[in-house]
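Trainee: Here it is: the structure, laid out below.
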Amino acid sequence: MAFEIKMPQLGLTMEEGTVAKWLKQEGDTVKKGDVILEITTDKLTSEIESEADGVLLRIVAQEGEDVPVKGLLGYIGQPGESVGETAAPTTAAPAAVPAAQETAKPDGPVRVVVIGGGPGGYVAAIRAAQLGGQVTLVEKNKLGGTCLNVGCIPTKVLLHAAESLHEAKEMAQLGIQVMVQNVDWNRVQQKKTAVTNQLVSGVTGLMKANKIKVIEGTAEFADRSSVTVTKKDGSRETVPFDKAIIATGSVPAVPPIPGISENANCVDSTGALAFEKIPKSLLVIGGGVIGIELATAYSQFGTKVTVVEAMPKLLPMMDGELTAMLRKKMEANGVTILTEAKVQSVEADPAGAKVQVETNGEILSYTAEKVLVAVGRRTDTAMLGLDRIGIAHDRGRITVNEKMETNIEHIYAIGDCLGKVMLAHVASAQGEVAAENAMGEEAVYDGKTNPSCVYTNPEFAGVGLTEEKAKEAGISYRVGKFPLMANGKALIMNGGEGMIKFLIGTEYNEVLGVHILGPRATDLIGECALAIGMEATVEDIYATIHAHPTVTEAVREAALAATKRAIHIPNK
Ligand code: FAD
Ligand code: NAI
């Protein structure tokens, strides 16, 4: 029976490949392991090895043909063996290539208006300007948006200061005697403001350098070809456009918990970034990314922190096994964590706030100086006039296709205002896609390489499928794990706390997901995102030499462990 050569699945999302070149011809003898053909996917060329000894009996898919995954490419068998007309190709007909769509550029520069100057909007504005657009950006508050002003950057300044304090206290272990006297909170806040201001002024400079007109004010759609901007002094300006990109972001959600809105000690993330002093105690409602990052920062500053999370686990989107390790570590550092727990009410208290929490059918009462409400964010689209011009949305979350186009062809939306994945790097990636499409190029957004990073101690990062998601999707996978205790650099840096976990497909060894808890996890994840983007196999990871001594060696070891050939741990 002749052996069928089939199109392999070289990555999680690969649906088809193109036969680039046959390296063996019909009648050639082939041995198992010989490279017989090359295939290409959108991003790379891969060599396909023979899985049988024999003769290449027939080439079914010719060079240049697109073949779906598992589609038939050819047959290997014994000389003279017939594959017969009936054993005919299961290959689908070559996929029809859609006729190139030419988006005609209007005469003169394309007028692009971008609403919102966060990491989605300002990146979209720059990309549109690079492509020759005449760009106007409208921002109602400060350039840089949530990310630079009250999000990613200020939280990381606090986390960096908190971690530095923690490290200073641990230095005795390295033989360095440091006396930590106190934390000058004003200086920490000044540093936060200085970093933020420097980055915002960098964005202002980029706007100028790219000849982008910035209007300070609040934009709303007047009709399908103009926005009205209301400026801070009350004056109004109409901005006509050929293309519009909505990038208005999100604001903190306020849950309907009695007593929250009335109590000045209940704050959202913006409030928690700017406390007048380090609170003695903090109760965090929501064990998501904001809750866990700020719990990490303040617990290291010495605050008694309690986290109340409604779901059975913290950080619901992250790998469960590593999240459980992080939880243990946080608890060992003195953070109280309640899961499957709900805040019932908040009352005034001389100490700050009294919080009633229901868990396991019991009501527990906590008193805290401050309460951080971090239960998610909602899109900031209410004032845009979406319904006035008929832009489709789901309760304020704007609906788009993979080109970031709304239902109105020349109006795009990106970032947090879509209400899906609320991350700065996602907003920026979508911004580039929207700008390119607006300027007549063809681009699509694909989130498969999007890493999720949580800046805890140790750091936590993941890309691709979690084990939970792989199970849910019924994908057959193998796991490779490498404890950081066995990595020299991690041992030096944090005593070897953490683990790296690879998920690979059982049939082709393709990288399905990588999850890292450990020092510099948020940097290490870049290599893993690239691997997923390039549809790499685990062999590609371990064929790459990783420098010694680095934590990146542990990435390679976890990849090796997935095929039971780790060097520095026993393979089970
Ligand atoms: P935004 O950054 O929210 O920008 C939208 C802008 O639009 C705002 O400046 C707003 O003023 C303006 N705007 C709104 N409506 C109008 C209007 N009608 N007219 C004119 N202007 C308008 N993400 C990460 O990737 N990494 C992190 O570490 C991280 N940390 C975070 C920490 C915190 C505390 C928070 C709150 C968020 C964090 N995020 C992080 C999320 C990240 O900040 C957002 O995903 C990102 O800022 C979204 O970018 P955006 O451009 O879509 O929206
Ligand atoms: P989130 O969606 O990450 O977490 C909210 C958490 O609150 C969830 O775990 C949810 O189960 C819980 N929750 C909801 N209602 C609750 C209730 N009544 N009681 C107790 N728990 C409740 O949202 P979060 O933390 O507010 O962050 C908002 C966004 O900001 C996130 O989507 C994230 O993408 C982004 N962000 C990203 C960061 C990063 O990339 N490092 C850092 C901080 C924020």
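Trainee: Give the cross-link partners of LYS24 among the lysines, using a straight C-alpha distance below 30 Å as the criterion and excluding same-chain residues fewer than 8 apart.
Mentor: LYS6, LYS32, LYS43, LYS70
Trainee: Can I ask one more? Once you keep just the Cα pairs under 8 angstrom separated by 6 or more residues, what percentage relative contact order results for the chain?
Mentor: Working: 1276 pairs, mean separation 69.6, N = 572.
Worked out over the chain, it gives 12 percent.
Trainee: Before I look further, what does the stretch 327-394 give for accessible area per residue, probe 1.4 Å, in whole square angstrom?
Mentor: Working: 3490 Å² over 68 residues.
Accessible area per residue, the stretch 327-394: 51 Å².
Trainee: Can you pull out the GluC sites (Glu not before Pro) in the stretch 390-498 whose DSSP state is coil and whose Cβ has at most 16 other Cβ atoms within 10 Å? Mind dumping the intermediate values first?
Mentor: Numbers: sites: GLU402, GLU405, GLU409, GLU432, GLU436, GLU441, GLU442, GLU459, GLU467, GLU468, GLU472, GLU497; in loops: GLU402, GLU409, GLU441, GLU442, GLU497.
The qualifying sites are GLU402, GLU409, GLU441, GLU442.
Trainee: I've got another one for you. Quick one: grab the alpha carbon gyration tensor of the stretch 265-368, order the square roots of its eigenvalues as a ≥ b ≥ c, and give me rounded if a/c is under 1.5, else prolate or oblate depending on whether a/b is larger than b/c. Write down the numbers at each step before the final one.
Mentor: Working: a/c = 1.79, a/b = 1.19, b/c = 1.50.
Oblate shape, in that a/c is at least 1.5 and b/c is the bigger or equal ratio.
Trainee: Right, something else. Quick check: convex hull over the Cα atoms of the stretch 351-509, volume per residue in Å³, rounded to an integer?
Mentor: Details: hull volume 38.6 nm³, N = 159.
Cα convex hull per residue, to the nearest whole number: 243 Å³.
Trainee: For the stretch 453-497, rounded, prolate or oblate, judged on the Cα gyration tensor with a ≥ b ≥ c (square roots of eigenvalues), a/c < 1.5 rounded, else prolate if a/b > b/c? Mind dumping the intermediate values first?
Mentor: On the way: a/c = 4.45, a/b = 1.93, b/c = 2.31.
It comes out oblate by the Cα gyration axes.
Trainee: Using the Karplus curve 6.51 cos²θ - 1.76 cosθ + 1.60 with θ = phi - 60°, what ³J(HN,Hα) values do you get for each residue of the stretch 53-58, in whole Hz, with x for Gly and Pro?
Mentor: After applying 6.51 cos²θ - 1.76 cosθ + 1.60, I find 8, x, 10, 6, 6, 8 Hz.
Trainee: Also, quick follow-up: Considering only DSSP states other than H, G, I, E and B, which GluC sites (Glu not before Pro) in the stretch 314-382 qualify as loop sites with at most 16 other Cβ atoms within 10 Å? Before the final figure, lay out the partial values.
Mentor: Working: sites: GLU321, GLU331, GLU340, GLU347, GLU358, GLU362, GLU369; in loops: GLU340, GLU369.
Loop-located and lightly packed - GLU340.
Trainee: Based on the inverse mean of 1/r over its pairs of different Cα atoms, what is the Kirkwood hydrodynamic radius of the chain, in Å?
Mentor: Numbers: mean 1/r = 0.0373 Å⁻¹.
In the chain this quantity evaluates to 26.8 Å.
Trainee: Something else about it: Counting only protein heavy atoms and using a 1.4 Å probe, what share of the accessible area of the chain belongs to carbon plus sulfur, as a whole percent? Please report the intermediate quantities before stating the final value.
Mentor: On the way: 14170 of 27040 Å².
The computed percentage sits at 52.
Trainee: Another question, then. Amide H to amide H, which residues 5 or more places from TYR412 or on other chains are under 5 Å from it, using H placed in the peptide plane?
Mentor: Counting only residues 5 or more places away or on other chains, the set is ALA244, ILE245, ILE246, THR406.
Trainee: Find the Cα radius of gyration of the stretch 461-572, compare it with 2.2 N^0.38 Å by division, and give the number to two decimals. Provide the component values of the computation, followed by the final result.
Mentor: On the way: Rg = 12.8 Å, N = 112, 2.2 N^0.38 = 13.2 Å.
After normalising by residue count via 2.2 N^0.38 Å, the value is 0.97.
Trainee: Cα to Cα, under 24 Å, and not fewer than 8 places away if on the same chain: which lysines meet these conditions relative to LYS208?
Mentor: The qualifying lysines are LYS140, LYS142, LYS231, LYS232, LYS243.
Trainee: When the Kirkwood radius is taken over all Cα pairs of the stretch 440-527, what Stokes-Einstein diffusion coefficient follows at 10 °C and 1.306 mPa s, in µm²/s?
Mentor: Values: Rh = 14.1 Å.
Taking Rh from Cα pairs, D becomes 113 µm²/s.
Trainee: Also, I was wondering about something else. Can you count the Lys pairs in the stretch 431-572 with C-alpha separation below 28 Å, eight or more apart or on different chains?
Mentor: Taking the stretch 431-572 as the scope, the lysine pair count is 23.
Trainee: In whole Hz and in residue order, list the ³J(HN,Hα) couplings for the stretch 19-27 that follow from phi through the Karplus curve 6.51 cos²θ - 1.76 cosθ + 1.60, θ = phi - 60°; x for Gly and Pro.
Mentor: 6, 8, 7, 8, 8, 10, 10, 3, x
Trainee: Give the aspartates and glutamates reachable from LYS277 as a straight Cα distance under 19 Å; neighbours fewer than 8 places away on the same chain don't count.
Mentor: Correct list for LYS277: GLU163, ASP184, ASP268, GLU293, ASP349, GLU369.
Trainee: Can you work out the accessible area per residue across the stretch 187-254, with the rest of the protein chains kept in place, probe 1.4 Å, in square angstrom?
Mentor: Per residue, the stretch 187-254 has an accessible area of 53 Å².
The values are calculated or read from the model by the stated rules, or taken from the named source; none is laboratory data. Please read all numbers here as calculations on a predicted model, not as lab measurements. For neighbour counting, all protein chains shown are included, and Cβ atoms are generated from backbone atoms with ideal geometry for every residue, glycine included. We work out accessible area using only protein heavy atoms, side chains counted, and drop any ligands, DNA or RNA first. Shrake-Rupley method; radii C 1.70, N 1.55, O 1.52, S 1.80 Å.
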